[in-house]
1. Using only Cα atoms, find the angle between the long axis of helix 150-167 and the longest principal axis of the chain, and express it within 0 to 90 degrees, rounded to the nearest 10.
2. Angle between the Cα long axis of helix 329-343 and the longest principal axis of the chain, 0 to 90 degrees, nearest 10?
3. Expected output is a single nm value to one decimal: the length gained when fully extending between residue 179 and residue 314, i.e. 0.36 nm times separation in residues minus the C-alpha distance. What is it?
4. Kindly rank 267-273, 373-379 from highest to lowest mean number of other beta carbons found within 10 Å of each residue.
5. Cut-off 10 angstrom, C-alpha nodes, Gaussian network model of the chain. Which of 303, 214, 74 fluctuates the most?
6. Just check the chain against the gyration tensor rule for me: Cα atoms, a ≥ b ≥ c as the square roots of the eigenvalues, rounded for a/c under 1.5, and otherwise prolate or oblate depending on whether a/b exceeds b/c.
7. Pulled fully out, how much extra length does the chain show between residue 265 and residue 220, if you take 0.36 nm times their separation in residues and subtract their Cα-Cα distance?
8. What number, rounded to the nearest 500 deg cm²/dmol, is the helix-based mean residue ellipticity at 222 nm of the chain, given -39500 (n - 2.57) per DSSP H run of at least four residues and division by all its residues?
């Protein structure tokens with residue numbers, strides 16, 4: 001196994017140091033700025049001078065000193081008194097002496113995840129703030145991942161930090177009554193980060209590996225911190241089982257290869273085994289939730305030696321449960337495709353007909369892509385080509401667009417069955 005790089009180490013340490021400062025000073029936004037400056041200093045010094053004996057302690061002390069400078073400068077601002085007045089006595093923080101002994105051994109990563117995934121934030125803001133504060137990515141890296149200007153991403157992160165500051169949220173885990181709802185929001189943010197990494201919604205690349213890898217790392221951290229939560233385990237399992245197929249999803253030129261045509265020998269057997277074990281254990285322990293069900297579907301795909309050997313009846317049954325649980329139109333669409341694999345394409349097309357007027361699918365290429373696939377299964381190549389082209393016109397992913405247009409062109413030159 002390759003030795004972790006300085007970048008890997010800094011990414012791992014960033015949320016731990018941020019948690020120490022945010023808890024000590026009660027000011028998340030300023031703490032995040034201090035940590036980013038400390039990370040920048042470390043990224044310049046460590047490759048030249050070598051790693052310090054205690055990297056986390058070194059980073060904490062540098063960030064701590066910078067935090068004191070920032071907090072002292074902030075005392076000149078008029079709104080500091082207002083913010084301090086809104087805090088409870090236990091949560092009020094002032095700048096300590098620069099030479100005051102300071103250690104930070106507690107890991108507050110879970111508190112950070114709950115804070116960054118707070119439901120009051122918009123989804124794009126929660127994703128950006130999670131990647132910055134917990135993932136340790138720079139603003140420039142996040143901007144590149146989502147194909148927006150760095151200034152735009154900086155504004156998005158700044159607004160998110162301001163919203164947290166204005167909310168007066170204390171730096172601690174939510175109360176038990178609120179924790180499950182907040183956890184669902186955190187898991188949703190991690191799921192969206194992984195989904196964007198697995199299939200980029202914009203641009204020339206099929207995947208954004210930095211995002212999918214980061215989502216898996218954060219999901220592992222969540223599982224370490226909450227080992228008894230079955231949905232946390234389910235989300236990690238889903239990511240591992242899906243990412244296991246990544247190497248086989250594209251060809252030499254980056255072209256998309258659909259699941260049924262992938263070389264399964266290129267799938268990651270270790271990730272499949274780990275994901276399968278996780279979801280199997282989770283489904284026997286706690287209440288079964290959406291991530292566990294999706295992971296179970298992914299496991300059935302991954303365990304099939306060939307596409308033809310896929311256990312579609314079991315997948316159809318899982319999607320039926322998942323649809324009742326979530327009411328998601330995307331799940332209904334996937335269930336329709338599974339129905340076609342079990343009962344024939346006509347049954348699948350009938351199920352898709354009921355989704356045509358669902359506003360949640362308006363503008364999405366998914367419905368046309370599914371229709372095209374099922375018309376192709378039925379031998380109606382003209383209809384399939386029409387829907388492939390319609391789907392291509394709606395997707396913003398170039399690899400998906402090229403795949404759909406190639407499929408349409410191929411069918412246009414072959415007679416319908």
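Every number in this text was worked out from the coordinates using simple rules, so none of it is lab data. All values reported here derive from a predicted model rather than from experimental measurement. In this analysis, Cβ positions are derived from the backbone assuming ideal geometry, glycine residues included, and neighbour counts consider all displayed protein chains.
1. 60 degrees
2. 30 degrees
3. Taking residue 179 through residue 314 to full extension adds about 45.3 nm, to one decimal.
4. Per-residue mean Cβ counts within 10 Å order the peptides as 373-379, 267-273.
5. 74
6. prolate
7. 13.7 nm
8. Taking each H run of at least 4 residues, the total per residue is -21500 deg cm²/dmol.
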